[in-house]
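Read-outs: derived from the displayed coordinates by stated rules, not from any lab. These numbers were taken from a predicted model, which means no experiment stands behind them. Using ideal geometry, Cβ is built from the backbone for each residue, glycine included, and neighbour counts are taken over all protein chains shown.
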């Protein structure tokens, strides 16, 4: 299940400032929106774990959206007034709070993120080596010979790589390897692909 952080505030300055701070703590998607009309649809909310930083005035509406969804809400307050009723159970971040409070909230969210999303695309060192050689145009036999492993082991690693990345074509794996700097495009022998 994917995870995202949504910053819901009318003030662009508050949104951008909070997004800037959160992006140093979180390397995934951060969505900035000014009002509830821009809020992702319910299907998106059901498929994701969402941490929503919301303006206090919009808390009731966000709570309504949170029903039957994986949404954790943190209110952005401009003062130290306590909220009433069911909003008291929500966490609050004061605009004047120290960044360590924000860090604690994001850390808790990341810590509670399901294991399947954290690291499902992490390749082992050996898988990276094999991916690099595949992207350079090596056959399974050539990879096995250069790494001193069996062809069956190479095939197993390639299955694991495609399973983790969801990329099945050699060209797709090559693009992935270039984007993630596993290889330099100059290293690719185009003659091997013809």
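How far apart, in nm, are two points set 7 Å out from the Cα along the Cα-to-Cβ line at residue 110 and at residue 156?
Each label point lies 7 Å from its Cα, and together they span 3.3 nm.
Does region 125-193 come out rounded, prolate or oblate, given a ≥ b ≥ c as the square roots of the eigenvalues of its C-alpha gyration tensor, rounded meaning a/c under 1.5 and, failing that, prolate meaning a/b above b/c? Could the numbers behind the result be given before it?
Working: a/c = 1.67, a/b = 1.18, b/c = 1.42.
Cα axes put region 125-193 in the oblate bin.
What is the order of 23, 4, fewest Cβ neighbours within 10 Å to most?
Numbers: 23 12, 4 17.
Fewest to most other Cβ atoms nearby, the residues stand as 23, 4.
Quick one: if you stick a label point 7 Å off each Cα along the C-beta vector at residue 41 and residue 164, how many nm between them?
Once both label points are built, they end up 3.4 nm from each other.
Pairs of Cα atoms under 8 Å, at least six residues apart: use those to get the relative contact order of region 125-193, whole percent. List each step's numbers first, then the result.
Working: 57 pairs, mean separation 31.1, N = 69.
The normalised contact order for region 125-193 reaches 45 percent.
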